[in-house]
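Chemist: Handing you this structure, nothing more for now.
The values are calculated or read from the model by the stated rules, or taken from the named source; none is laboratory data. Note that this is a predicted model, so its numbers are computed, not measured. Note that each Cβ is placed from the backbone with ideal geometry, even for glycine, and that neighbours are counted across all protein chains shown.
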């Protein structure tokens, strides 16, 4: 799978199972939710982690790995 790059303020969709979200202790998000990228948080091995929020103008949010997100065209 090609690596996805997200920009601040870009819209994305949560693309994983509920059990994967719960494993990372991500609450308040459901599979299929549309969210906004707040900013890139950090990189671990081959994955980037992003801070995301369901509201576009918020500056805080939850950290989620890039492979749990899909770009919205």
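Chemist: For the stretch 44-54, which residues satisfy the criterion of being out of contact with any helix residue (DSSP H, G or I) (no Cβ under 7 Å at 6 or more places or on another chain) and either under 18 Å from residue 18 (Cβ atoms) or modelled with pLDDT under 90 (or both)?
Modeler: Within the stretch 44-54, 44, 45, 46, 52, 54 meet the criteria.
Chemist: Those residues that are without any contact (Cβ under 8 Å) to a residue 24 or more places away in the chain and under 15 Å from residue 6 (Cβ atoms), I need them from the stretch 34-47; list them, please.
Modeler: 41, 42, 43, 47 - these are the residues of the stretch 34-47 that are without any contact (Cβ under 8 Å) to a residue 24 or more places away in the chain and under 15 Å from residue 6 (Cβ atoms).
Chemist: What is the residue count in the stretch 27-41 for residues that are modelled with pLDDT under 90 and farther than 17 Å from residue 17 by Cα?
Modeler: Total satisfying the criteria: 0.
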